[in-house]
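Just so it is clear, none of the values below were taken in a lab; they were calculated from the coordinates. As the structure is a prediction and not an experimental result, all values here were calculated from the model. Glycine gets a Cβ as well: all are built from the backbone with ideal geometry, and neighbour counts include every protein chain shown.
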Amino acid sequence: MQEFATRIEKRFRFSKKELTQIIITVLVAAFVLSFRSWGGEEFSLGEGLSNLLITAIIVFVSFIIHLSAQKLVALKMGYKSKYKYWLNGILISLIMCFFTYGYFPLFFTGSLWHEVVPKLRVGVFRGGAKHKDLGYIAFAGPLSNIIIVGLLAPIFIATESPLIYTIIIANLLIAIFSLLPIPTFEKIRQFKGGTTGLYLFIASRWVFVLVFVAVLAFTALILLFQVFSYIIALLIGAIITIVYYLRFEVD
């Protein structure tokens, strides 16, 4: 524990470049999520800017927690991770927003780039980067968002606060969109890393199916029925994963 604390003290940080790219990602995500509040006959610039600012703050805090969880797990496993936005993904998000008038609030969360720190991997068999390790690191991000939702659920049920509900939805969307298994690229056939979902998919396809379906089920339960149940979501995820495994993984 003391060694891990030392790792955090010496190596856990967001560089200025990372923070700049995070802020750009957050502003795009906030614009996409709040876009519908800008239109209509009762358009109000002040209200639109207010919604944009509140949404940006919520997304920024939620996204920082998401990335921090991944960085901490990376340090624990002997890696250094840094955030990079996906420029093409940002453009796709804005295009989809305008074409669907905000009814399909898609945004891409970028990716983490991992670098092995030899000093932190001493004693590890074949200490290079491993797909399984990167899968664990990737999973930590959406897991942190789902935990936040679980912690806020009792507060929302007791108060029915619109602000708390907005925070819950923001965290659910960050978890879902980060799990989309997409390779990031700037030019055709020039892939540069990938999303959280891609790292998890490469590490284990059936685990990816379980996590992705469970998160989708958890989100659907909340949006459609306001039911906050990890158990039901996991059961749905497990059933779909068993069907997938028997259909595609078993020879």
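Figures for the structure shown
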| read-out | value |
| --- | --- |
| Contour minus Cα-Cα distance for Phe12 and Ser161 (0.36 nm per residue) | 50.2 nm |
| Ranked list, fewest to most other Cβ atoms within 10 Å of each Cβ, for Val73, Val26 | Val73, Val26 |
| Percentage, to the nearest whole number, of Cα pairs in the chain over 33 Å apart | 22 percent |
| Helix 131-159 axis, angle to the chain major axis (alpha carbon atoms, nearest 10°) | 40 degrees |
| Distance between modelled label sites at Tyr245 and Leu91, nm, 7 Å Cα→Cβ extension | 4.2 nm |
| The chain: angle of helix 205-225 to the longest principal axis, Cα-based, in degrees nearest 10 | 20 degrees |
| Lys, Arg +1 and Asp, Glu -1 on Cβ, resulting dipole of the chain about Cα centre, debye, nearest 20 | 1400 debye |
| Mean separation of Cα contacts under 8 Å, 6 or more apart, over the residue count of the chain: relative contact order % | 17 percent |
| Placed amide H near Leu180: partners under 5 Å, 5+ positions off or other chain | Gly197 |
| Around Gln21: net Lys/Arg minus Asp/Glu count, Cβ-Cβ under 13 Å | +3 |
| Linear extension gain, Ile147 paired with Leu224, 0.36 nm per residue minus alpha-carbon span | 25.8 nm |
| Between 0 and 90°, nearest 10: helix 16-34 axis offset from the chain longest Cα axis | 40 degrees |
| The stretch 204-251 - Debye-derived log10 I(q)/I(0), Cα point model, q = 0.21, 0.28, 0.31 Å⁻¹ | -0.64, -0.92, -1.04 |
